[in-house]
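Trainee: Have a look at the structure that comes next, please.
Nothing in this text is a laboratory measurement; each read-out follows from the coordinates by a stated rule. Every value quoted in this text rests on a predicted model; they were computed, and no experiment measured them. Neighbour counts are summed over all protein chains in view; Cβ atoms, including those assigned to glycine, are modelled from backbone coordinates with ideal geometry.
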Amino acid sequence: MAALPERPESWIRVCPEGLFVEPAGIYIDPVRPVDRAVVTHAHADHARPGNRAVLATAETLAIMRQRIGPAAGQTQQAVPYGEVLRLGEVDVALVPAGHVLGSAQVVLTWRGRRVVVSGDYKRRLDPTCAPFEPVPCDLFVSEATFGLPVFRHPPTGHEIAKLVHSLALFPERAHVVGVYALGKCQRLIAELRGAGFDDPIYLHGALVPICAIYESFGVPMGELRPALAATREEMRGRVVLAPPSAIADRWARRLPDPVTAMASGWMRVRQRARQRGIELPLVISDHADWDELTETITELGARQLWVTHGNEEPLVHWARGRGIAAEALALVGFDEGGEGEPPPLAGEEEPPTGDVLPLSAPEDA
Ligand SMILES: [Zn+2]
Ligand SMILES: [Zn+2]
């Protein structure tokens with residue numbers, strides 16, 4: 001066995017609270033309350049309550065306040081994309097990560113060295129948020145949610161067309177689509193609108209507040225209606241969006257003969273769709289797939305790679321094979337119940353090729 005490469009970037013390290021940038025005195029996406037936090041985006045596993053000072057984009061802060069109220073941070077500093085701040089001895093900037101509204105990579109420059117902490121990200125276009133901005137760096141800190149070569153997300157338009165086709169095929173049936181409340185819900189709506197779907201879209205109550213925040217930041221959603229107020233007849237042939245936990249629940253029983261769909265990168269795993277009773281799996285993810293991960297690492301030209309969470313080992317192996325000093329940080333506390341969902345059952349996932357998959361899977365994927 002080759003020895004692990006050492007970490008030349010000794011000014012950034014993993015502590016029990018999370019990733020600590022020592023000369024700036026900040027933690028990035030801390031898992032325990034800290035004095036000064038920089039938050040990449042508002043998914044629950046990255047944006048936790050109880051930090052004293054929080055720095056993030058205005059969009060991320062607005063969503064955090066909606067979700068966790070005053071616990072979003074005693075003092076909150078909104079930083080626009082691209083603005084450079086001096087924190088301690090470090091120049092810090094937030095640049096778009098393309099993951100959800102307000103999502104940011106943290107660009108840290110200290111003594112001529114540049115580190116980019118990407119949070120969660122994707123590369124394909126999303127009409128609801130600014131596209132990922134590649135920033136060349138010495139060390140890239142990446143997620144690896146879909147860090148296996150079996151994960152290649154199909155074109156989004158292809159998945160949207162499947163839903164539109166099913167609506168035409170079954171005009172008597174409601175189409176209930178499981179979506180995570182932050183990101184996937186609004187993206188699915190925007191993608192449908194972009195495909196020319198102008199009908200009202202019905203929402204489970206849990207999805208309404210974040211849609212309103214997206215609209216307040218200038219992301220049009222078209223006509224949205226509360227599902228609770230609609231009659232059974234009215235919902236025939238309609239698209240109804242609900243959190244994944246609600247689609248198999250008592251809540252969905254009032255829908256007329258529903259076609260059960262779910263929009264998630266995990267829908268690539270057929271067994272997972274089957275076990276959840278998903279009739280119409282839509283492979284739409286807000287995370288980079290294998291090609292996006294490897295192409296991004298190549299594009300940034302980083303000589304060092306740290307992989308935070310997900311399927312770390314295959315990506316580390318891939319990078320080392322290309323002469324990049326890569327290692328898995330194995331950060332704990334990420335991607336388990338990120339959207340208020342119970343963690344999936346151990347062994348639930350089975351990839352189409354029989355490769356190894358993680359025992360837990362993110363709920364924001
Ligand atoms: Zn996320
Ligand atoms: Zn995450």
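Trainee: First check a/c for the range 156-282, with a ≥ b ≥ c the square roots of the eigenvalues of its C-alpha gyration tensor; if it is under 1.5, answer rounded, and if not, answer prolate when a/b is larger than b/c or oblate otherwise.
Mentor: Since a/c stays below 1.5, the shape of the range 156-282 is classed as rounded.
Trainee: Show the residues, 5+ positions off or on another chain, whose built amide H is closer than 5 Å to the amide H of residue 241.
Mentor: 177, 202, 203, 204
Trainee: Put +1 on the Cβ of each Lys and Arg and -1 on the Cβ of each Asp and Glu in the range 156-282; which of 252, 235, 197 then has its Cα farthest toward the positive end of the dipole?
Mentor: The residue sitting farthest along the positive end of the dipole is 252.
Trainee: Answer rounded, prolate or oblate for the range 214-328, using the Cα gyration tensor with square roots of eigenvalues a ≥ b ≥ c: rounded when a/c is under 1.5, else prolate when a/b is larger than b/c, else oblate.
Mentor: It comes out prolate by the Cα gyration axes.
Trainee: Also, quick follow-up: For every other residue with a beta carbon closer than 10 angstrom to the beta carbon of residue 230, add +1 if it is Lys or Arg and -1 if Asp or Glu, then tell me the sum.
Mentor: Value of the local net charge: +2.
Trainee: Right, something else. Among DSSP beta bridges whose residues both lie in the chain, state the antiparallel percentage, nearest 5.
Mentor: Percentage antiparallel, nearest 5: 35.
Trainee: Next question, about the same structure. Relative to the longest principal axis of the C-alpha atoms of the chain, give the angle of the C-alpha long axis of helix 290-300, reported between 0 and 90° and rounded to the nearest 10°.
Mentor: The answer is roughly 40 degrees.
Trainee: Only Cα pairs under 8 Å and at least 6 apart count here; give the relative contact order of the range 204-336 as a rounded whole percent.
Mentor: 14 percent
Trainee: Under a Cβ-only charge scheme (Lys and Arg +1, Asp and Glu -1), can you give me the dipole magnitude of the range 156-282 about the Cα centre, in debye to the nearest 20?
Mentor: Dipole magnitude for the range 156-282 comes out near 560 debye.
Trainee: Here's a follow-up. May I ask for the angle, rounded to the nearest 10°, between helix 58-68 and the longest principal axis of the chain, with both axes built from Cα atoms and the value confined to 0 to 90°?
Mentor: 70 degrees
Trainee: Separate question: Would you mind telling me the antiparallel percentage of the DSSP bridges in the range 1-106, rounded to 5?
Mentor: 60 percent
Trainee: A further question follows. Dipole of the chain (Lys/Arg Cβ +1, Asp/Glu Cβ -1, origin at the Cα centre): which of 55, 153, 214 lies farthest to the positive side?
Mentor: Of the options given, the answer is 214.
Trainee: Moving on to the next point. So who's got an amide H within less than 5 Å of the one on residue 15, skipping anything under 5 residues away but keeping other chains? H placed 1.01 Å off N, in plane.
Mentor: 20
Trainee: What angle do you read, to the nearest 10 degrees and between 0 and 90, between the alpha-carbon axis of helix 156-169 and the longest principal axis of the chain?
Mentor: Once rounded, one gets 10 degrees.
Trainee: Residue farthest toward the positive end of the dipole of the range 33-173, with Cβ of Lys/Arg at +1 and Asp/Glu at -1: which of 70, 33, 115?
Mentor: 33
Trainee: Express as a percent, rounded to the nearest 5, the fraction of DSSP beta bridges in the range 109-242 (both residues included) that run antiparallel.
Mentor: Percent antiparallel among DSSP bridges in the range 109-242 is about 15.
Trainee: When N is the residue count of the chain, what does its C-alpha Rg come to as a fraction of 2.2 N^0.38 Å?
Mentor: Here the answer is 0.98, to two decimals.
Trainee: Based solely on its DSSP helices, what 222 nm [θ] is calculated for the chain when runs of n ≥ 4 H residues each add -39,500 (n - 2.57) and the sum is averaged over all residues, nearest 500 deg cm²/dmol?
Mentor: Counting only the DSSP helices, I get -6000 deg cm²/dmol.
Trainee: Nothing charged except the Cβ atoms of Lys and Arg (+1) and of Asp and Glu (-1): what's the magnitude of the dipole of the chain about its Cα centre? Round to the nearest 20 debye.
Mentor: 380 debye
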